[in-house]
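Everything on this sheet refers to the single structure shown next.
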Amino acid sequence: MPLSRTFRRTLTAAALMAALAPVHAASLPAPFDAQLTAGYPKLEAFYQELHANPELGFNERQTAARLAERARALGFEVTTGVGGTGVVAILKNGPGPTVMLRTEMDALPVLEKTGLPFASKVTTKNAAGETVPVMHACGHDLHMAAWLGTAQLMAQNRKAWSGTLMLIGQPAEESLSGAAAMLKDGLFTRFPKPDYALSMHDDASMASGTVMWHAGPFRASADTVTITMFGQGGHGATPHETRDPVVMAARLVMALQTLVSRENNPLDPAVITIGSIQGGTVANIVPDQVKLGLTVRTFRPEVRQRVLASIAREAKGEALAAGAPKEPLVEVKPGTDSVYNDPELMARAVKAVERAVGPEFVKEMPAKMTSEDFAMYGQQPGVKALLLHVGAVEAGRLEAAKKAGMPVPGTHSPQWAPDLKPTLTNTIKAETAILLDLMAPKR
């Protein structure tokens, strides 16, 4: 007797739910959980050591040495100085895929205001020779501690997986230049090219320990645009005898807003932010040039190309309308491409993480217009990449902030301090669960 359509649909839905349901209680295999619990105090101490001793991009010498020393002690073959200060640690463990786990090492020129007993008091010279404070205001210290915790679990349990584990400590993520430097220095030619690349990032938008995922385009591409508007300077009392680049710049700021509001599909996000305008010295002199600094964020290459071309068009148009003596100079400094999370691989990873931390701690999140040079690894042929986030704010504090309508301090804030234990623990569990799934021994 044939099954009814309704009954067939019920069976299909039931089969799908059964396939997605966790096959056992949420946890890593017993030895892993016990080892993580036993090793946690040293990981927390390592986190505090990193937090108190931050270093800026391409100057992470002591940070790199700390990672390299600990990876060697676990049996990894370690190479330092890759792409400047980068670290590559390889552990070969039989046949199977090569999987890369990446952490960032650099900090930010931010004066820490957390009040933590291990807060950074470091100052250093930046690339311009200026003395600046330094702080791990983006959570890279937490990422490194998780990287080490995951490395320990994988090294202690080699019978549970097969393949090549490739750990990298990347410099200069904040300037979006560290990944390119490591790749240029032979990251995927001097060392095994990974089949899969994985990274995680802390986040202020969800409760601590919540593993957050998004399939497809996830983090935006980034380009820096510098526009120099040229005029004819003169006395502020006789502006009719000048061609005022300040006015040109002001008009351009408003004109650029229409590139998003009137020329771009709102379902295809783009951001143009004018972060700086520099021109003039005193009130009664019309300068002969003004510089504008922009950041441009998009997801799709065709949108990126069109927006950049339109910015140049608007700048030239404003100069022409004002009778400027020459065309503006439009300089584009490419940052990084958009992070793309392979959907099929993400679905597999989500199931693995749910088994490790519990489905209640795994949430889908929206895409973000912030950028990450982790994108460059997934752009390499044959490499499937995943970037996940993990919530890092205590749930009660987050809820209170929402009720008050006040955001909690987030990454890049001088007050950024993740709720450490649940965030670090679940980051390690998630990383380890994904690695074990991808590197499961052949039966």
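The rows are residues; the columns are (1) at pLDDT below 95; (2) more than 26 Å from the chain's Cα centre (by Cα); (3) surrounded by 16 or more Cβ atoms within 10 Å (Cβ to Cβ).
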site: Gln289; (1), (2), (3): no, yes, yes
site: Leu294; (1), (2), (3): no, no, yes
site: Glu302; (1), (2), (3): no, no, no
site: Ala321; (1), (2), (3): no, yes, no
site: Gly335; (1), (2), (3): yes, no, yes
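Glu263 - would you say it is modelled with pLDDT of 95 or more, among the acidic types (Asp, Glu) and closer than 29 Å to Arg304 by Cα?
Considered against the rule, which asks whether it is modelled with pLDDT of 95 or more, among the acidic types (Asp, Glu) and closer than 29 Å to Arg304 by Cα, Glu263 comes out as yes.
Out of the helices (runs of 4 or more DSSP H) lying entirely within segment 1-81, which hold 2 or more residues that are modelled with pLDDT under 80 and touching a Phe, Trp or Tyr at 6+ places or on another chain (Cβ under 8 Å)?
Here the list is empty.
Could you check segment 27-74 and list, in sequence order, the residues that are closer than 23 Å to Ala181 by Cβ, without any contact (Cβ under 8 Å) to a residue 12 or more places away in the chain and polar (S, T, N, Q)?
Gln62
Which residues, taken from segment 82-125, are of a type in the set (Lys, Arg) and not in a loop (DSSP other than H, G, I, E, B)?
The answer is Lys92, Arg102, Lys125.
Within segment 184-206, which residues are assigned to a loop (DSSP other than H, G, I, E, B) and hydroxyl-bearing (Ser, Thr, Tyr)?
The one that is assigned to a loop (DSSP other than H, G, I, E, B) and hydroxyl-bearing (Ser, Thr, Tyr): Thr189.
Out of all the residues in segment 344-354, is one or more under 20 Å from Glu431 (Cβ atoms) and in contact with a His (Cβ under 7 Å, 6 or more places away or on another chain)?
Checking segment 344-354: not a single residue is under 20 Å from Glu431 (Cβ atoms) and in contact with a His (Cβ under 7 Å, 6 or more places away or on another chain).
Return a yes/no flag: does segment 263-273 have any residue that is more than 21 Å from Ser371 (Cβ to Cβ), without any contact (Cβ under 8 Å) to a residue 40 or more places away in the chain and of a type in the set (Gly, Ala, Ser).
Checked against the condition, which is being more than 21 Å from Ser371 (Cβ to Cβ), without any contact (Cβ under 8 Å) to a residue 40 or more places away in the chain and of a type in the set (Gly, Ala, Ser), segment 263-273 yields no hits at all.
Restricting to strands (runs of 3 or more DSSP E) lying wholly in segment 207-277: which have 1 or more residues that are surrounded by fewer than 18 Cβ atoms within 10 Å (Cβ to Cβ)?
Filter on segment 207-277 gives 216-219, 221-230.
Report, ordered by the first and then the second residue, all pairs with beta carbons closer than 6 Å, sequence separation of six or more or different chains, a first member in segment 131-158 that is farther than 16 Å from Lys113 by Cα and in the same structural domain as Lys121 (by TED's automatic domain parsing), and a second member that is among the polar types (S, T, N, Q) and crowded, with 24+ Cβ neighbours inside 10 Å.
From residues that are farther than 16 Å from Lys113 by Cα and in the same structural domain as Lys121 (by TED's automatic domain parsing), the pairs are His143/Thr103; Met144/Thr103; Ala146/Thr427; Trp147/Thr103; Thr150/Thr432; Leu153/Thr432.
The values are calculated or read from the model by the stated rules, or taken from the named source; none is laboratory data. Treat the numbers as computed from the prediction; the structure is a model and nothing was measured. Every residue, glycine among them, receives a Cβ derived from its backbone with ideal geometry; neighbour counts consider all protein chains shown.
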